[in-house]
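Asker: Could you have a look at this structure, given as structure tokens, before my questions?
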Amino acid sequence: NPKTPNIQKIADEGALCTQTVTHFPETALSHWSMMSGVMPLVHGNVPGNGGSIYKGPTLAEISKKHGYQTAAFIGGVTLTDSASGLSRGFDVYDDQFTFSHEDMSRKGAEVTNRAVRWIQKQKQNNRPYFAFVHYFDAHFPYTPPAPWDTAYDASYTGKINGTDTVLAPYRDGKKKPSARDVEHVLALYDGEISALDATIAPLLNVLDKDTIVAITSDHGESFEHGYYFNHRAGLWDSVMHIPLVIRGPGIEAKTVIKRQVGLIDVTPTLLSLAGLRSDSRMQGSNIFSEKKHDMYFAHTDPWMPKPQFAARTLAWKWIAQENSDLIYNIGTDPQESKQETSVPEELKDAKTKAASLLESLSSHQASSPRPRTISDEECARLQLLGYVQCQ
């Protein structure tokens, strides 16, 4: 496991959720789900439409309504407002930066600096605030800075590295890496995580103990199951199982939550901790309350070939895909290495329940997406990421 002392400190001072899952393995829809407390498909084709068709409120909108100053600091192109429409409710949406097509992100240090300056200003003026700080550093391509580029695999002598140029044929399924090569690329990814942990230290240091802090991820990465160095088309736990730590007033130090929670629970939880009421349409719940979900759902992009649906409990995982089912007893086989032969009884109505969640909010969706006009440059970069097809 990569070293993350700064994130570990937040976990030690608050709560660590050991079984947190994402509901969608792509940035824009996953963040919409987290920020709204409702399942991702309620939002429609966000990358294609340039925004959500869901009319319910986001965490930023609720915070703003209650007098909070709101700001977002964006580190990756897929969350720019023109690509995601996520600026709803934010007084400041800092998403303009230069980038290369090899690494479509803003350096984490710059994201941290901008967020710290804004937070310090709110504190000086004694204003309540909500800040969303987004980093793209621990993501493909896997190119951590020194010393993290060799920290976890200094003995590697092979030719593979973490750049898009080298890994593209493996990501596209045209080449298969050796086990040793996979081990090395995973070490590079671990290096990115450790580097990011160091990058966020100044941000965490400016937050006092009365500030609610949540650290999580929109998705993981796949390094196995024949699906390498990617995340969009898979729902194995390497992609679906994500970190979540929360610190704040009223949370006992070293709390460990072992039951399953999801990204849809983040907004209801943060609102409850801040003493604000959740919107009644939210499908998630406060993770510190007695209310809980035994089963969580996830989807890959339904507008992409061979979409997947997953249902997960603490004991079982069912990944339904075109013409086949993948079933794992994750209670005894967390690596999902052995396929079971039949869908367990507790998951058999999963698709019906998931469809019901989507249908329950259909009346709260816009009848058509917002008008979508993008530049040739933006279309080209979204196409590189696989989100749109340019005409």
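Asker: Quick one: 3J(HN,Hα) in Hz for the range 352-358, Karplus 6.51/-1.76/1.60 with θ = phi - 60°, rounded, Gly and Pro as x.
Answerer: Once θ is set to phi - 60°, the couplings for the range 352-358 become 5, 5, 5, 5, 5, 4, 5 Hz.
Asker: While we're here: Calculate the spin-label point distance for Glu183 paired with Ser342, positioning each point 7 Å from the Cα along the beta-carbon direction, and give it in nanometres.
Answerer: Output for this residue pair reads 4.0 nm.
Asker: Taking the Cα-to-Cβ direction at Thr157 and at Trp303 and moving 7 Å from each Cα, how far apart do the two end points lie in nm?
Answerer: Computed distance between label sites Thr157 and Trp303 equals 4.9 nm.
Asker: For the range 207-295, compute Rg over Rh where Rg is the Cα radius of gyration and Rh is the Kirkwood radius from the inverse mean 1/r over Cα pairs.
Answerer: On the Cα set of the range 207-295, Rg over Rh gives 1.03.
Asker: Using a 10 angstrom cutoff on alpha carbons, build the Gaussian network for the chain and name the most mobile of Arg312, Arg171, Arg180.
Answerer: Answer for the Gaussian network model of the chain: Arg180.
Asker: Something else now. Efficiency by 1/(1 + (r/R0)^6): what FRET value for Asn1 and Ala366, r their Cβ-Cβ distance, R0 = 35 Å, to the nearest 0.05? Write out the running numbers ahead of the final one.
Answerer: Working: r = 43 Å, r/R0 = 1.22.
According to the calculation, E is roughly 0.25.
Asker: Might you work out the accessible area of Asp12 for me, using a 1.4 Å probe with all protein chains in place, and round it to the nearest 10 Å²?
Answerer: Accessible surface of Asp12 is approximately 60 Å².
Asker: Something else about it: How much length is gained if the chain between Lys292 and Lys258 is pulled fully straight, taking 0.36 nm per residue apart and subtracting their Cα-Cα distance, in nm to one decimal?
Answerer: Contour length minus the Cα-Cα distance gives 11.0 nm.
Asker: Count charges around Pro249 for me, please; just the other residues with Cβ under 13 Å from its Cβ, Lys/Arg as +1, Asp/Glu as -1.
Answerer: Working: positive: Lys209, Arg247; negative: Glu13, Asp208, Asp210, Glu252.
With Lys, Arg at +1 and Asp, Glu at -1, the neighbours total -2.
Asker: Ok, one more. Residues with beta-carbon under 14 Å from that of Leu326, excluding Leu326: net charge, scoring Lys, Arg +1 and Asp, Glu -1?
Answerer: Cβ neighbours under 14 Å give a net charge of -3.
Asker: Averaging the inverse of every distinct alpha carbon separation and then flipping it gives the Kirkwood radius. What is it for the range 262-314, in angstrom units?
Answerer: Numbers: mean 1/r = 0.0788 Å⁻¹.
About 12.7 Å, per the Kirkwood formula over Cα pairs.
Asker: Once the cut-off is 36 Å, how many percent of the Cα-Cα pairs in the chain end up in the long-distance tail?
Answerer: So the portion of pairs separated by more than 36 Å is 20 percent.
Asker: Kirkwood Rh over alpha-carbon pairs of the range 95-172, then Stokes-Einstein at 20 °C and 1.002 mPa s: what D in µm² s⁻¹, rounded to an integer?
Answerer: 139 µm²/s
Asker: Something else about it: Per residue of the range 20-25, what does 6.51 cos²θ - 1.76 cosθ + 1.60 with θ = phi - 60° give for ³J(HN,Hα)? Whole Hz please, x for Gly and Pro, Karplus curve as stated.
Answerer: For the range 20-25, the Karplus-derived couplings read 9, 10, 8, 9, 7, x Hz, x marking Gly and Pro.
Asker: Pick from Ala151, Ala179, Ala11: which residue has the top mean-square fluctuation in a GNM of the chain where Cα pairs under 10 Å get a spring?
Answerer: Sorting by GNM fluctuation, first place goes to Ala179.
Asker: Kindly write out, for the range 34-43 in residue order, the coupling ³J(HN,Hα) from the Karplus curve 6.51 cos²θ - 1.76 cosθ + 1.60 (θ = phi - 60°), rounded to whole Hz, with x marking Gly and Pro.
Answerer: In residue order, the calculated couplings are 5, 6, 10, x, 10, 5, x, 5, 4, 7 Hz.
Asker: Starting from the amide H of Ile330, placed 1.01 Å from N in the peptide plane, find each other amide H under 5 Å away whose residue is 5 or more places distant or on another chain.
Answerer: Placed amide hydrogens put Trp316, Lys317 under 5 Å from Ile330.
Asker: Just going by the charge dipole of the range 45-147, with Lys and Arg at +1 and Asp and Glu at -1 on Cβ, which of Tyr135, Gly48, Ala60 is farthest out on the positive end?
Answerer: Final value for the positive-end residue is Ala60.
Asker: With a sphere of radius 11 Å drawn around the Cβ of Val42, what net charge do the other residues whose Cβ falls strictly inside it have (Lys, Arg +1; Asp, Glu -1)?
Answerer: Numbers: positive: Lys55, Arg281; negative: Glu359.
In short, +1.
Asker: Please identify the longest segment of the chain free of exposed GluC sites (Glu not before Pro), where exposed means a DSSP state other than H, G, I, E or B and no more than 11 other Cβ atoms within 10 Å. Numbers along the way, then the final one.
Answerer: Values: sites that count: Glu102, Glu252, Glu290, Glu322.
Looking at the chain, 103-251 is the longest stretch - no exposed GluC sites (Glu not before Pro) with at most 11 other Cβ atoms within 10 Å.
Asker: Keeping every protein chain present and rolling a 1.4 Å probe, give me the accessible area per residue for the chain in Å².
Answerer: 46 Å²
Asker: Compute the length gained on full extension between Ser324 and Asn126: take 0.36 nm times their separation in residues and subtract their Cα-Cα distance, giving the result in nm to one decimal. Working shown, then result.
Answerer: Working: separation 198, 0.36 × 198 = 71.28 nm, distance 5.65 nm.
In short, 65.6 nm is gained.
Asker: Calculate, in whole percent, how much of the Cα-Cα pair population of the range 3-142 lies beyond 20 Å.
Answerer: 54 percent
Asker: Hey, can you grab everything whose amide H is under 5 Å from the amide H of Ala72? Only 5+ residues off in sequence or another chain; H modelled, so Pro and N-termini drop out.
Answerer: Val92, Tyr93, Asp94, Phe132
The values are calculated or read from the model by the stated rules, or taken from the named source; none is laboratory data. Please read these numbers as outputs of a predicted model, since none were measured by experiment. Backbone-built Cβ (ideal geometry, glycine too); neighbour counts: all protein chains shown. The protein model used for the area step is the full one, side chains on, heavy atoms only, and it has no ligands, DNA or RNA in it. Shrake-Rupley method; radii C 1.70, N 1.55, O 1.52, S 1.80 Å.
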